[in-house]
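Undergrad: Provided herewith is a single structure, encoded as structure tokens, for subsequent inquiry.
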Amino acid sequence: MPTARDIMHVGGTCVQESETLEDAARRMSELDVGALPICGPDDRLHGIITDRDIVVKCLAKGKDPKTMTAGHLAQGKPVTIDTEADASQVLRAMEEHRIRRLPVVDKHRLVGMISEADLARHLTEEQVGHFVEVICASS
């Protein structure tokens, strides 16, 4: 059975807590991604910001993305998975927390991300179908 390390997209460009949402949006555009990990000055993962977060939690509320920082959206402790977790643990974590992106850590450092597309490339149709069914049911 594949591990999180086998499934993940290696790397992960962080947006720093102190960077603005405008900076985060620009980086998402440059990288052609819909989410970025939020890291603190210690380079540890403090959260994840999505393009939807920027729209719903900033723009729709009349806030300024040029002044609001990524740190404002880093809420709670991020859900992560260890590199050696197997595919069933990955799916269970994503389903349980109803998340579409899962940071992969090794010794508390971000080493990659798992997205729905990564699941589709590495797991069976049945596993992916069940995941999509669970996630969509919560929407």
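The values are calculated or read from the model by the stated rules, or taken from the named source; none is laboratory data. Everything numeric here is computed off the predicted structure, so don't read it as measured data. Cβ sites come from the backbone with ideal geometry, for glycine too, and all protein chains shown count toward neighbours. Protein only, heavy atoms only, side chains kept; ligands, DNA and RNA dropped before computing areas. Shrake-Rupley method; radii C 1.70, N 1.55, O 1.52, S 1.80 Å.
Undergrad: I'd like the full set of residues that are without any contact (Cβ under 8 Å) to a residue 12 or more places away in the chain and within 19 Å of the chain's Cα centre (by Cα), limited to the range 129-139.
TA: Those that are without any contact (Cβ under 8 Å) to a residue 12 or more places away in the chain and within 19 Å of the chain's Cα centre (by Cα): Cys136, Ser139.
Undergrad: Considering Ser88, Ser115, which residue is polar (S, T, N, Q) and farther than 24 Å from Ile49 by Cβ?
TA: It is Ser88.
Undergrad: Test each condition in (1) surrounded by 12 or more Cβ atoms within 10 Å (Cβ to Cβ); (2) out of contact with any Cys (no Cβ under 8 Å at 6 or more places or on another chain); (3) among the aliphatic types (A, V, I, L, M) for Met68 and report the one that comes out false.
TA: (2)
Undergrad: Please pick out the residue among Leu110, Leu119 that is in contact with a Phe, Trp or Tyr (Cβ under 9 Å, 6 or more places away or on another chain) and among the aliphatic types (A, V, I, L, M).
TA: Leu119 is the lone residue from the list that is in contact with a Phe, Trp or Tyr (Cβ under 9 Å, 6 or more places away or on another chain) and among the aliphatic types (A, V, I, L, M).
Undergrad: If you scan the range 100-138, which residues turn out to be surrounded by fewer than 16 Cβ atoms within 10 Å (Cβ to Cβ) and either part of a strand (DSSP E or B) or among the aliphatic types (A, V, I, L, M) (or both)?
TA: The answer is Asp106, Arg109, Ala117, Ala120, Val132, Val134, Ile135, Ala137.
Undergrad: Here is a list: Ala93, Ala60. Which entry is open to solvent by less than 30 Å² (accessible area, probe 1.4 Å), free of Cβ contacts under 8 Å to residues at least 60 places away in the same chain and part of a helix (DSSP H, G or I)?
TA: None of the other options fit; the residue is Ala93.
Undergrad: For the range 11-35, which positions are under 14 Å from the mean Cα position of the chain (by Cα) and under 14 Å from His72 (Cβ atoms)?
TA: If the condition is that a residue be under 14 Å from the mean Cα position of the chain (by Cα) and under 14 Å from His72 (Cβ atoms), then Val15, Ala24 are the ones that fit.
Undergrad: Among the residues of the range 4-17, which ones are at negative phi and open to solvent by 30 Å² or more (accessible area, probe 1.4 Å)?
TA: Those that are at negative phi and open to solvent by 30 Å² or more (accessible area, probe 1.4 Å): Arg5, Asp6, His9, Val10, Thr13, Cys14, Gln16, Glu17.
Undergrad: Given the condition of a type in the set (A, V, I, L, M, F, W, C), modelled with pLDDT under 90 and closer than 19 Å to His9 by Cα, answer yes or no: does some residue in the range 118-130 qualify?
TA: Yes, the range 118-130 contains at least one residue that is of a type in the set (A, V, I, L, M, F, W, C), modelled with pLDDT under 90 and closer than 19 Å to His9 by Cα.
Undergrad: So for the range 37-57 (the condition being of a type in the set (Ser, Thr, Tyr), surrounded by fewer than 20 Cβ atoms within 10 Å (Cβ to Cβ) and in a loop (DSSP other than H, G, I, E, B)), does at least one residue qualify?
TA: no
Undergrad: Could you figure out which of (1) in contact with a strand residue (DSSP E or B) (Cβ under 7 Å, 6 or more places away or on another chain); (2) surrounded by 15 or more Cβ atoms within 10 Å (Cβ to Cβ) isn't true of Met1?
TA: In the conditions (1) in contact with a strand residue (DSSP E or B) (Cβ under 7 Å, 6 or more places away or on another chain); (2) surrounded by 15 or more Cβ atoms within 10 Å (Cβ to Cβ), Met1 misses (2) alone.
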